[in-house]
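Sharing a structure below in structure tokens format, with a few things to ask.
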Amino acid sequence: MASSDFYDLPFIYTFNANRLTDGQDYDRLTVPIIADSEFHLRRIAGAATLADYGGGEGSAATSRFMVYTQGGSRIFSKPELIEPDMALVPELVYPPGGQIRFDVSDLFRARNTGGGGPAYYSQLSFQGVRRYYGMSPIGSAYKYYEKPQSYPLTFSINYANGTNFRRYVQPVEQYDFSLHAISIVTVTGSGGEVPAPGSWAVVTPGQFSFYLYNKNSERLSIDPVDAATYAFNRRKFAASTGGGVFPCPPVLYPVGSQIMIDVYSNTLAASLPIQVQMVFHGVWRLPCR
């Protein structure tokens, strides 16, 4: 936790392995840290998209990872097949302008296959916080109490991988809104119609990725992040394939602002359209009377 002189902002750094070669070993791959702030690494997600956990080439028997501290020390005693979604306790701290370094052996890139494929979606995500000196931007100048609130956003992905993104916005109404988590469900081949109750399924890796923005239209990740990395409902319904909580700490959107996302399709044309329901979970801040 930051001291009273500092504040933390949620952020995700990523490494996209789509241009690497299957079956190869890679040492000291790097993810640069932005020079304006420390980065405190608390979660690594997406390891299953760099190794085939189901067997075969890049199988669980041979694929291994090693992650290094800023000083070059290993965080494991030997290379490990890390969990698809792994918390780091205690957190690792990387200085401004530093690097996250890691090794991966027997790489196997996750992909969507079929007509027009393959479409790779091999991405390792490093979630944590950027630490700054000064006053936190999520404070309020008034006394308030909190009330649970969720904003659902439904849209259709009818464009294939490799095409331009689509931007969607959710207005914040009535009160300031503190965003605590995002849940995502999808249904394929809906033809743009709203699916019947019970037909939704929890989002799976490789369907789509997106940028999430804060109230100042600043991105909260270095690249678009796979939707399954964001979706906290995967922890409840698909625990074996990960799912976390983002943003953490929460992000404040004042009344009259908007929650904005840029959505990038990772899906081949033959599997479109995909109907998406994304729910932004959090609390309203109601002024005390």
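No value in this document is a laboratory result; all are computed from the given coordinates. Please read these numbers as outputs of a predicted model, since none were measured by experiment. Glycine also receives a Cβ, built like all others from the backbone with ideal geometry; neighbour counts cover every protein chain displayed.
Using amide H atoms built 1.01 Å from N in the peptide plane, name the residues 5+ places from residue 82, or on other chains, whose amide H lies under 5 Å from its own.
65
I've got another one for you. Let me make sure I get this right: for the chain, a, b and c are the square roots of the gyration tensor eigenvalues over alpha carbons, sorted descending. Under 1.5 in a/c it's rounded, otherwise prolate if a/b > b/c, else oblate. Which is it?
Oblate, because a/c is 1.5 or more while a/b does not exceed b/c.
Restricting to DSSP H runs of at least four residues, report the calculated mean residue ellipticity at 222 nm for the chain, -39500 (n - 2.57) per run over all residues, nearest 500 deg cm²/dmol.
Mean residue ellipticity at 222 nm (helix-derived): -500 deg cm²/dmol.
For residue 122, list long-range residues whose amide hydrogen, built 1.01 Å from N in the peptide plane, is under 5 Å from its own amide hydrogen.
17, 18, 110
In whole Hz and in residue order, list the ³J(HN,Hα) couplings for segment 10-15 that follow from phi through the Karplus curve 6.51 cos²θ - 1.76 cosθ + 1.60, θ = phi - 60°; x for Gly and Pro.
x, 7, 10, 8, 9, 10
Continuing with this model, one more query. Subtract the Cα-Cα distance of residue 270 and residue 145 from 0.36 nm times their separation in residues, and report this length gain in nm to one decimal.
40.2 nm
Applying the Karplus parametrisation 6.51 cos²θ - 1.76 cosθ + 1.60 with θ = phi - 60° to the phi angles of segment 150-156, what ³J(HN,Hα) value in whole Hz is obtained for each residue in order, glycine and proline being reported as x?
9, 10, x, 10, 10, 8, 10
Hey, another quick one. Charges on Cβ only, +1 for Lys and Arg, -1 for Asp and Glu, centred on the Cα centroid of the chain; of 162, 72, 186, which one is farthest towards the dipole's positive end?
186
Calculate, in nm to one decimal, what residue 164 and residue 258 gain on full extension: separation in residues at 0.36 nm each, minus their alpha carbon distance.
So the extension gain works out to 31.7 nm.
List the residues whose amide H sits under 5 Å from the amide H of residue 231, counting only those 5 or more places along or on another chain, with H placed 1.01 Å from N in the peptide plane.
244
For the chain, give the magnitude of the charge dipole about the Cα centre (Cβ charges: +1 Lys/Arg, -1 Asp/Glu; no others), in debye to the nearest 20.
In total the dipole reaches around 520 debye.
Further question: Cα gyration tensor of segment 86-160, axes a ≥ b ≥ c as square roots of the eigenvalues: rounded (a/c below 1.5), prolate (a/b > b/c) or oblate?
Judged from the Cα gyration tensor, segment 86-160 comes out oblate (a/c at least 1.5, b/c at or above a/b).
What whole-number distance in Å separates the alpha-carbon centres of segment 243-279 and segment 92-135?
Using only Cα atoms to place each centre, the spacing works out to 18 Å.
What residue among 17, 270, 231 has the largest mean-square fluctuation in a Gaussian network model of the chain, using Cα springs under 10 Å?
Among 17, 270, 231, the largest mean-square fluctuation in the Gaussian network model of the chain belongs to 270.
What is the local net charge at residue 224, summed over the other residues whose Cβ is closer than 13 Å to its Cβ (Lys, Arg +1; Asp, Glu -1)?
On the way: positive: 166, 167, 219; negative: 223, 226, 262.
Value of the local net charge: 0.
Could you compute the net charge surrounding residue 96? Neighbours are other residues with a C-beta less than 10 Å from the C-beta of residue 96; K and R count +1, D and E count -1. If you can, show how the numbers build up before the last one.
Values: positive: 130, 131; negative: 36, 38.
Around residue 96, the charge tally is 0.
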